[in-house]
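Read through the structure below, which is laid out as structure tokens, and then see the notes.
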Amino acid sequence: MELLQRLFYTFVGTASFLYFVVKVALGYWKRRGILHEKPKKPWGHLKGVGRKRHIAEVLQTLYEKYKGQAPFIGFYAWLKPMLLILDIDSINYILNKDSKYFMDRGLYSNTNDDPLTENLLHMDGIEWQHLNLKTKALQWPEKMSNIFTALLKVQQTFDKSLQEKLTETDVVYNITQLVEGFNIDVISSLAFGLEGDSLRYKETQFHKMCKNYTQQNNNIYKAYLAFSFPRLARLLQYRLYSPEATSYFQKLINDKLYEREYQRSQQTPYDFLQIWSDSRKISTSMEAFKKLDCSEIAAQAFTFIPAGLEACTTTVSCCLYELALQPDIQDKARCEIIGVLAKYQNKLTLDGLKEMVYLKQILNETLRKHSPYPFLLRLTTKDYELPNSIFMLRKGNHLIIPTSSIHNDATYYKQPEKFDPDHFHSTNVQNRPLCAFLPFGMGPRSCMAQQFIQQQMLVCLVTLLKRYSFTPCQETIIPLTYDNGKLLKKPKKDIKLMIKKL
């Protein structure tokens with residue numbers, strides 16, 4: 001009897017304490033006097049997210065309800081208080097004009113126990129500044145023409161293998177897997193120095209490790225735990241990336257750097273790995289400009305997988321899906337591709353790619369309608385008062401910018417539910433606010449590799465559209481539904497289309 005009483009009092013005491021913690025946490029914005037939707041205990045505003053709803057749906061609902069009432073509202077990611085930024089001018093101040101107050105993302109990083117997080121995506125503060133300086137010193141923009149040559153080598157292998165594989169005139173194909181294979185080939189070749197040909201050799205170790213990452217990571221619950229309780233996560237030695245993946249990618253980079261630095265030949269391609277390898281020959285006494293070590297290079301190379309694999313695969317797959325549903329747009333894009341290629345002896349060149357204006361509009365429209373990243377995160381590093389607002393953003397406040405909601409706002413895009421490349425006609429672009437299109441972020445913390453990523457996706461589209469047409473089939477899911485358990489907006493099931501050889 002006495003034992004039962006102790007258990008009962010322990011249970012009541014624990015439950016009371018947890019209730020108090022939840023009540024205090026979900027009362028933060030009320031105490032601050034900031035407009036907010038009443039949260040539901042203990043989910044905040046994310047009840048059902050991960051199962052019944054995608055987080056993009058929650059942000060869209062709040063955006064539509066409160067836009068115009070205030071520049072921002074209080075928001076709770078379960079127990080984590082955040083500010084949902086609604087005003088486009090305020091977003092411009094945060095990302096561009098006053099970005100020095102919002103230089104951090106607030107993502108989880110643990111360089112001791114999880115060394116693959118030692119990259120520009122995860123790191124903040126002085127560590128990010130030093131790594132950013134090292135990376136900028138490599139002068140990527142000046143070397144993009146050489147990188148494009150390496151990209152074309154991958155494209156030519158992919159193109160040849162696909163022609164050999166698609167011998168039938170009409171065939172139902174898993175477009176998601178097809179595009180994913182191309183992207184894995186690009187990453188394995190340009191970031192890790194491997195020779196990729198996924199259409200012929202699907203079961204390589206690199207391919208398996210990439211698939212393992214995409215299947216096990218990008219989980220909304222794991223991301224929330226690391227984001228909301230970073231100190232506890234570090235104390236518990238929590239890892240975003242498995243020891244197996246860490247060991248594999250670090251060893252791969254070590255081996256490839258050794259080959260490049262001591263066994264380089266005239267046939268060695270000039271790719272991202274070579275840029276990193278060359279940087280190790282620069283000697284300097286300045287702490288911020290010390291050469292990248294192998295662990296840092298492995299972390300930067302690995303970033304291409306979370307930043308460039310799923311997002312690029314989702315975008316190009318959704319693009320082909322939309323073109324299959326609208327054959328007139330597909331035909332117009334193909335005519336442009338064939339016309340431009342004819343000007344350059346039927347060869348794909350960097351100058352030719354720049355002339356494919358309509359194809360670029362199609363890609364941007366896909367990034368708008370099917371935004372792979374539905375929001376941006378920023379962390380206030382100093383107290384800041386937004387212009388035209390009486391409220392102070394305090395140091396440590398987490399901000400969430402709902403990019404997907406902005407991309408579907410009829411104020412900026414006429415009939416946003418419609419896939420229309422003319423949304424990105426030069427005239428329409430000029431008439432929109434600067435921050436109405438944010439697929440790669442904006443400002444100092446925007447995606448540093450966005451130019452290359454755009455080229456990668458455009459090259460994939462050119463390769464496929466010049467030889468093949470795409471139409472819906474019985475296995476095509478219309479309309480698309482998204483995987484609620486992922487942070488990225490990606491289709492719940494793979495996209496399948498009918499491919500016809502032209």
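The values are calculated or read from the model by the stated rules, or taken from the named source; none is laboratory data. This one's a predicted model, so the numbers in the text were calculated from it and none came from an experiment. Here the Cβ positions follow ideal geometry from the backbone for every residue, glycine too, while neighbour counts run over all protein chains shown.
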Within the range 99-109, how many residues are surrounded by fewer than 20 Cβ atoms within 10 Å (Cβ to Cβ) and among the polar types (S, T, N, Q)?
1
Over 24 Å from the mean Cα position of the chain (by Cα), touching a residue at least 24 places away in the same chain (Cβ under 8 Å) and over 27 Å from Leu434 (Cβ atoms): does that describe Tyr28?
yes
Quick one: in the range 418-450, which of the residues that are among the aliphatic types (A, V, I, L, M) and not in a loop (DSSP other than H, G, I, E, B) is farthest from Gln300 (Cα to Cα)?
Val429
Can you tell me how many residues in the range 304-320 are assigned to a helix (DSSP H, G or I), within 21 Å of Val462 (Cβ to Cβ) and either among the aliphatic types (A, V, I, L, M) or touching an Asp or Glu at 6+ places or on another chain (Cβ under 6 Å) (or both)?
4
Looking at the structure I just gave you, is Ile495 under 19 Å from Thr313 (Cα atoms) and surrounded by fewer than 22 Cβ atoms within 10 Å (Cβ to Cβ)?
no
For Lys489, work out the one condition from (1) at pLDDT below 95; (2) out of contact with any helix residue (DSSP H, G or I) (no Cβ under 6 Å at 6 or more places or on another chain) it doesn't fulfil.
(2)
Residue check, Ile400 under 30 Å from Gly33 (Cα atoms), outside any strand (DSSP E or B) and among the aliphatic types (A, V, I, L, M)
no
Is it the case that the range 383-391 has a residue that's at pLDDT below 95, small (Gly, Ala, Ser), surrounded by fewer than 17 Cβ atoms within 10 Å (Cβ to Cβ) and out of contact with any Leu (no Cβ under 8 Å at 6 or more places or on another chain)?
yes
Helices (runs of 4 or more DSSP H) contained entirely in the range 145-260, each with at least 3 residues that are surrounded by fewer than 19 Cβ atoms within 10 Å (Cβ to Cβ):
205-216, 220-228, 230-235
Lys500 fails exactly one of the following numbered conditions: (1) basic (Lys, Arg); (2) farther than 30 Å from Arg51 by Cβ; (3) part of a loop (DSSP other than H, G, I, E, B). What is the number of that condition?
(3)
Would you confirm, using the coordinates I've provided, whether Leu166 is over 30 Å from Ser247 (Cβ atoms) and either touching a His at 6+ places or on another chain (Cβ under 8 Å) or not aromatic (Phe, Trp, Tyr) (or both)?
yes
Among all residue pairs at least 6 apart or on different chains, which show Cβ distances below 7 Å where the first residue, located in the range 478-502, is closer than 23 Å to Ala56 by Cβ and without any contact (Cβ under 8 Å) to a residue 40 or more places away in the chain and the second is basic (Lys, Arg) and exposed (fewer than 15 other Cβ atoms within 10 Å of the Cβ)?
Thr481/Lys492
Of the residues that make up the range 45-63, is at least one modelled with pLDDT of 80 or more, among the hydroxyl-bearing types (Ser, Thr, Tyr) and either outside any helix (DSSP H, G or I) or within 16 Å of His398 (Cα to Cα) (or both)?
no
Flag if Lys496 is over 30 Å from Leu133 (Cβ atoms), in contact with an Asp or Glu (Cβ under 9 Å, 6 or more places away or on another chain) and at pLDDT below 95:
no
Being crowded, with 22+ Cβ neighbours inside 10 Å and free of Cβ contacts under 8 Å to residues at least 60 places away in the same chain is the filter here; which residues of the range 341-368 pass it?
Glu365, Thr366
Set Leu341, Leu359: member being under 21 Å from Phe470 (Cα atoms) and in contact with a Gly (Cβ under 9 Å, 6 or more places away or on another chain):
Leu341
For Ile91, state whether it is part of a helix (DSSP H, G or I), closer than 22 Å to His407 by Cα and in contact with a helix residue (DSSP H, G or I) (Cβ under 9 Å, 6 or more places away or on another chain).
yes
Listed residues Glu296, Glu322, Glu310; which is under 27 Å from the mean Cα position of the chain (by Cα) and modelled with pLDDT of 90 or more?
Glu322
Could you give me the residue pairs with C-beta distances under 6 Å whose first residue belongs to the range 317-330 and is closer than 17 Å to Gly181 by Cα, whose second residue is of a type outside the set (A, V, I, L, M, F, W, C) and assigned to a helix (DSSP H, G or I) wherever it lies, and which are 6+ apart or on separate chains?
Ser317/Thr176; Cys318/Thr366; Cys319/Thr366
Identify, from the list Gln455, Gln474, the residue that is within 25 Å of Ile175 (Cβ to Cβ) and in a helix (DSSP H, G or I).
Gln455
What are the pairs with Cβ atoms under 9 angstrom where one residue, in the range 225-238, is more than 20 Å from Arg378 (Cβ to Cβ) and the other, located anywhere, is surrounded by fewer than 11 Cβ atoms within 10 Å (Cβ to Cβ)? Sequence gap at least six, or different chains.
Arg234/Asn112; Gln237/Asn112
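Say whether the condition of being within 30 Å of Pro71 (Cα to Cα) and touching a strand residue (DSSP E or B) at 6+ places or on another chain (Cβ under 6 Å) is met by at least one residue in the range 123-131.
Yes, there is a match, as at least one residue in the range 123-131 is within 30 Å of Pro71 (Cα to Cα) and touching a strand residue (DSSP E or B) at 6+ places or on another chain (Cβ under 6 Å).
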Among (1) surrounded by 19 or more Cβ atoms within 10 Å (Cβ to Cβ); (2) among the hydrophobic types (A, V, I, L, M, F, W, C); (3) in contact with a helix residue (DSSP H, G or I) (Cβ under 7 Å, 6 or more places away or on another chain); (4) touching a residue at least 60 places away in the same chain (Cβ under 8 Å), where does Met82 come up short?
(3)
